[in-house]
Amino acid sequence: MRALIKDKTEVAVRNIEQPKVQSADDVVIRIALAGLCRTDVFMADGLINGNETVTLGHEFAGTIEDAGTEAAGFAKGDRVTVMPVIPCGQCGFCNAGAKDSCQNTTMLGINHDGAFAEYIRVPANTVYKLPENVSFKHGAYSEPVAAALSVMKADISPAQRGFIYGNNRFAKLIQRIMRAYGFENVTIHDPQTEKLEDNTYDFAIETLATAQAMAEILRAVRPQGRIIIRSRKHEPVGICFDMAVKKEVTMQAVNYGPFDEAIALMADGRIQVDDLLGDVHELESFAAVFAASKTSETSKVFFKPGTEPEVE
């Protein structure tokens, strides 16, 4: 099969062996569409530690091709998407049924072969069926929706006033999800064109992790306000401890919301995301697509790894 591979410092489309079921709980999926994320670009550029050689990509949807004997509930042709972060299954949190708290997770496209390929093998417990009214493009967008949905874990209420720092696609997605849960008094702040009022907001949601952004956020939240951390920046970001302590702010980091709820938000029409979804590209166009993603994130772009026509 064709796959977009990072091999040490080289990134290229190669022909590799198609994955097959190896364990009883394996599922092999034929990929219809796979979305491009900044994480994929960081991995390609060597900014994230992972396997020396790995197929990139982790946001995708497709159809079941094969399933192991213990992959109950899945049949060939089922339309599915996948949660790409895989708990270890062995730590105390996993054994206690709290896999979302596992600190030994691995990820598709980093530690395991990912989705920029015609087929992928994943554990059955990461696979979610797609409702018939959820397209493959929407299905491949489930992971960003689940990531944005995590803000609903924060200790905030619809009665409070808040802002989302960063005028980007992810900020727009967060705002739409929050409105679906009754948060009407939440605005998007564009740091390029607007100035925040100091000591005003009950909470802030960060989508742009820089020292400057954190300084502006700290000034804008009220004393005893809350700052919600969302970015997955791998390098440290400085904050002014003196201001944080003086204001007695709470910083709360959030990871993912429930994957099935993310799918349901789109299936039920509680959020609309069509305007956030962009063009579909062939794998061979990866260099230009990766380069463009570094300067513009107005819409999510996708790869179609297979050669057959896209099926809704």
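Dipole of the range 40-120 computed with +1 at Lys/Arg Cβ and -1 at Asp/Glu Cβ about the Cα centre; of 80, 68, 95, farthest Cα towards the positive end is 95. Amide H contacts for residue 33 (H built 1.01 Å from N in the peptide plane; partners 5 or more residues away or on another chain; cut-off under 5 Å): 61.
Annotation: amide H-H contacts under 5 Å for residue 301 (H modelled 1.01 Å from N, sequence separation of 5 or more, or interchain): 36, 278.
Given the pairs 137/233; 99/233; 76/294; 153/304; 20/294, which span a C-alpha to C-alpha distance of over 29 angstrom in this model? Those over the limit are 76/294; 153/304; 20/294. Our coupling estimate for the range 187-203, obtained by passing each phi through the Karplus curve with A = 6.51, B = -1.76, C = 1.60 and θ = phi - 60°, is 10, 9, 9, 9, x, 7, 10, 10, 10, 7, 7, 5, 6, 10, 8, 5, 8 Hz, Gly and Pro reported as x.
For residue 91, neighbours were defined as the other residues whose beta-carbon sits under 15 Å from its Cβ, and their charges (Lys and Arg +1, Asp and Glu -1) total 0.
Taking only alpha carbon atoms, the range 155-253 gives an Rg to Rh ratio of 0.93, where Rh is the Kirkwood radius. Using only the C-alpha atoms, the convex hull of the chain corresponds to 140 Å³ per residue. For the range 99-181, chymotrypsin sites (Phe, Trp or Tyr not before Pro) are listed when DSSP marks them as loop and at most 14 other Cβ atoms sit within 10 Å of their Cβ; the list is 181. With both residues required to sit in the chain, DSSP beta bridges show an antiparallel share near 60%. For the range 40-120, GluC sites (Glu not before Pro) meeting the loop criterion (DSSP other than H, G, I, E, B) and having at most 11 other Cβ atoms within 10 Å: 52, 70. When only Cα pairs below 8 angstrom with a gap of at least 6 residues are kept, the range 155-253 shows a relative contact order of 26 percent.
None of the figures in this text is laboratory data; all of them are computed from the coordinates on show. Since the structure is predicted, the reported quantities are computational estimates derived from the model, not experimental observations. Neighbour counts run over all protein chains shown; Cβ positions are idealised from the backbone, glycine included.
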